[in-house]
Amino acid sequence: MELLAIFIVALTVLVAMAFYYEHPKAEIPPEISQRQKLYILHHMLNFGFGMAKFLEKVGVTSEVSVVRTIMDGIPPLKDKHLFIKDLMFETVKVRIYQPKISTTGQRRGIIYLHGGAGRFGSIRAYERVCRYFARESNSVVVSVGYRLAPEHPYPIQFEDCLTATIHFLRTAQNYGVDPSRIIICGDSSGGTQAAGVAQALVNRRDLPRLRAQILIYPFLQGVDFNLPSYQQNERIPVLLKERTLAFCLQYLNKDLSVMEAVLKGCHIPEDLKLKYQKWVSPDYIPQEFKIRGYKPSTPQPFSKELYSLIKPVFDTVFSPLLAEDCVIAHLPEALILTSELDVLRDDGLLYKKRLEDHGIKVTWCHLQEGFHGSLFFSFLDKVLTFKSTHEGLEKITDFLRLM
C-alpha cells in the first residue's frame, strides 16, 4: 500500500511537471466534428513534449530521445501480404516493402520520406503508413531512414534523401520496379524533403525522371509566418504556430530567443522581400480561405544581424517554394494534400499555384476537417482515427494507382 501511494505521488508530480513545461491552449472551431477527440490528442502530445522537457531538465535523458521513443511506438505485427527487408542505399538506411502478390509486369515504386521536423520520426515510426501504401496500391515502397538533427546537422537530412532517391532510380529494376514509374512522397518536413529532391533532379539527364511527387501537408517556406493559415490556426492542434517556428529553429540549431523577431518578419531584407512577394503572398491565397479571419501584418524593421543568423531559411532545400521559375517549370506532376486546420495549409496552396502557373498538372486534395499529422496519427490507434483521414488516404491511393 505504501509503494502504491509513492507511485501515485510520483506519477502525479510527473504529470504536473509535464504540463508545467508544455501546456499551450488549444482552440478548435465549434463547427468541427470530433472536437473532443482532437482535444484528447492535443493533451496527449502536450504531455509527451512536457515530459520530454522535464526529463531533460532533471538530467535523465534528452528531450529529443524521449520524443523519438514516443513516436516510434509499438511496432506492428508481421504482415503476411508483404516482403519487408532492411538495406543500405549507399550510406543511408532504408526499408523496402514489396507485395507478395504476383504481377505480370514491373510495379511502380514509392520513395517515402517521413516527417518529424528533421529531428524526430524514423522508419519504425512510419511502418504502418508505408505498409498501407504498399498493400493498397500494389507498389514497392522504400522508406528512407535519413539521419536526424541535432546529431547530424542540417542539411544532412536532405543529402541522405537525395542519395537514397538517386540510388533507387538507378537500381529500381532490381526490386521489380519500372524506373519510369517512381513517385517521391513525404509528409510535413518529409514533404519539404520530397519537394527539394524533386527540384534537385530536374536537370539530371543521367537518371530516370520522377513520375510524380506527393506532398502531404508540407512545410515549404520560412519567409512569412503570418499567412492566413498561420493566423487562423495558430492555436489549433497539433502543429501550433509557435511550435512550428520552434521546430524550424531547432532543426537549424538556432537559438529560440529570435522567435518573436522572425514571427514579425524582421529577418527578410528588402530586396528579398520584393523578390519573394511574387511567390509568397497572402494575395495569392483564394478569398475562400480568408473567411475565418485574416489581418495583414504590419511591416517591421529589418535586422541584418537576424538575417545573418538564420539565413538558411531562404535556402531552397529548406524553403522549396523559393525555387526559381526555371526549376519549377520542369517538375513532375504532383498531388498536394492540404488540411484546413493546419498552419501549413497556405504553403501547399501557394506551391499549387506556382506549379499550375507553369503548366504542371496538380491533383489537389483538401481535407476540410483535417489537421496537421492526421494521416500519421490515424495509424497509431483506432481511437485516434479521424473521418477526414480516410478521405486523404483514399485520394493518395487513387492517385498512386494512376501512375
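Can His81 be described as more than 22 Å from the chain's Cα centre (by Cα) and modelled with pLDDT of 80 or more?
So His81 passes the test.
With respect to the numbered conditions (1) among the polar types (S, T, N, Q); (2) surrounded by fewer than 21 Cβ atoms within 10 Å (Cβ to Cβ); (3) outside any helix (DSSP H, G or I), which one is the sole condition not fulfilled by Ser143?
Checking Ser143 against (1) among the polar types (S, T, N, Q); (2) surrounded by fewer than 21 Cβ atoms within 10 Å (Cβ to Cβ); (3) outside any helix (DSSP H, G or I), the one that fails is (2).
Table: residues versus (1) closer than 23 Å to Val129 by Cβ; (2) β-branched (Val, Ile, Thr); (3) loosely packed, with under 11 Cβ neighbours inside 10 Å.
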| position | (1), (2), (3) |
| --- | --- |
| Gly50 | no, no, no |
| Glu56 | no, no, no |
| Thr61 | no, yes, no |
| Pro75 | yes, no, yes |
| Ile96 | yes, yes, no |
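Would you check if Glu159 is among the charged types (D, E, K, R) and free of Cβ contacts under 8 Å to residues at least 12 places away in the same chain?
Yes, satisfied.
Which helices (runs of 4 or more DSSP H) does region 207-272 wholly contain that include 3 or more residues that are within 24 Å of Leu41 (Cβ to Cβ), outside the structural domain of Pro320 (by TED's automatic domain parsing) and of a type in the set (A, V, I, L, M, F, W, C)?
Counting at least 3 such residues, we get 241-251.
If we keep just the residues of region 98-131 that are free of Cβ contacts under 8 Å to residues at least 60 places away in the same chain and not in a loop (DSSP other than H, G, I, E, B), which is surrounded by the most Cβ atoms within 10 Å (Cβ to Cβ)?
If we take residues in region 98-131 being free of Cβ contacts under 8 Å to residues at least 60 places away in the same chain and not in a loop (DSSP other than H, G, I, E, B), then Cys130 is surrounded by the most Cβ atoms within 10 Å (Cβ to Cβ).
Name the pairs whose Cβ atoms lie under 6 Å apart, with the first residue in region 277-302 and free of Cβ contacts under 8 Å to residues at least 40 places away in the same chain, the second assigned to a loop (DSSP other than H, G, I, E, B) and of a type outside the set (S, T, N, Q), and 6 or more positions between them or separate chains?
What qualifies is Gln300/Lys264; Gln300/Gly265; Gln300/Cys266; Phe302/Pro269.
Of the residues Val258, Val177, Val262, which single one is in contact (Cβ under 8 Å) with a residue 60 or more places away in the chain and not charged (D, E, K, R)?
Going through Val258, Val177, Val262 in turn, just one is in contact (Cβ under 8 Å) with a residue 60 or more places away in the chain and not charged (D, E, K, R): Val177.
In region 336-353, is there at least one residue being hydrophobic (A, V, I, L, M, F, W, C), part of a loop (DSSP other than H, G, I, E, B), assigned by TED's automatic domain parsing to the domain that holds Pro153 and at pLDDT 95 or above?
Within region 336-353, one or more residues are hydrophobic (A, V, I, L, M, F, W, C), part of a loop (DSSP other than H, G, I, E, B), assigned by TED's automatic domain parsing to the domain that holds Pro153 and at pLDDT 95 or above.
Here are some residues: Tyr217, Tyr251, Tyr230. Which one is among the aromatic types (Phe, Trp, Tyr) and within 20 Å of Asp160 (Cα to Cα)?
Testing whether each residue is among the aromatic types (Phe, Trp, Tyr) and within 20 Å of Asp160 (Cα to Cα) leaves just Tyr251.
The values are calculated or read from the model by the stated rules, or taken from the named source; none is laboratory data. Quick caveat, the model's predicted, so the values are computed rather than measured. Because the Cβ atoms are built from the backbone with ideal geometry, glycine has one as well, and the counts that use them run over all protein chains shown.
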